[in-house]
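Here it is, the structure in full.
The values are calculated or read from the model by the stated rules, or taken from the named source; none is laboratory data. From a predicted model like this one, the values you see are computed outputs, not experimental measurements. When we count neighbours, we look across all protein chains shown, and the Cβ atoms used for this are built from the backbone with ideal geometry, even at glycine.
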Amino acid sequence: MKPLIPSHKENKRYLLVTGKNLKSNVEKAILDYIGTLGYSKASPNIIKTGKNWLILAINRESINDVRGALTIWPDKMSVEKVSGTLRGIKDSPSSSKRGQTKGLGK
């Protein structure tokens, strides 16, 4: 199969999300707020998790919808940082001060 040209690839953004029970709450929040069709357009993938944080990859066009979904969810979740690369999330000063992404490595 022929590889996709760069302009046809899905552009991802990476979100550093903090809160409690994130694995279950993130999926529920997105489905509740933007529905099944919006969920499939956002195509969220959990990249890495910790005790009270996770890194979520989403489609670039759906970033505002996903941030809104996480903000209005009753359990407290917050988006600490949005980056175009995983390295930008791992090397962020806000995450390293709190020790949230400790152990991610390169």
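Do we have any residue at all in region 69-76 that's in contact with a Gly (Cβ under 8 Å, 6 or more places away or on another chain), farther than 13 Å from residue 14 by Cβ and of a type in the set (S, T, N, Q)?
Taking every residue of region 69-76 in turn, none turns out to be in contact with a Gly (Cβ under 8 Å, 6 or more places away or on another chain), farther than 13 Å from residue 14 by Cβ and of a type in the set (S, T, N, Q).
Kindly indicate which of 28, 51, 23, 12 is charged (D, E, K, R), surrounded by 13 or more Cβ atoms within 10 Å (Cβ to Cβ) and under 22 Å from residue 87 (Cα atoms).
Details: 28 fails: under 22 Å from residue 87 (Cα atoms); 51 fails: surrounded by 13 or more Cβ atoms within 10 Å (Cβ to Cβ); 23 fails: surrounded by 13 or more Cβ atoms within 10 Å (Cβ to Cβ).
Every option except 12 fails the conditions.
Being on the phi < 0 side of the Ramachandran plot, at pLDDT below 90 and not aromatic (Phe, Trp, Tyr) is the requirement here; does residue 9 meet it? Show your work before the answer.
On the way: on the phi < 0 side of the Ramachandran plot: yes; at pLDDT below 90: yes; not aromatic (Phe, Trp, Tyr): yes.
Criteria met by residue 9.
Turning to a different aspect of this structure: Give the residue, chosen from 83, 62, that is modelled with pLDDT of 90 or more and under 18 Å from residue 31 (Cα atoms). Lay out the reasoning, then the answer.
Numbers: 83 fails: under 18 Å from residue 31 (Cα atoms).
After ruling out the rest, the residue left standing is 62.
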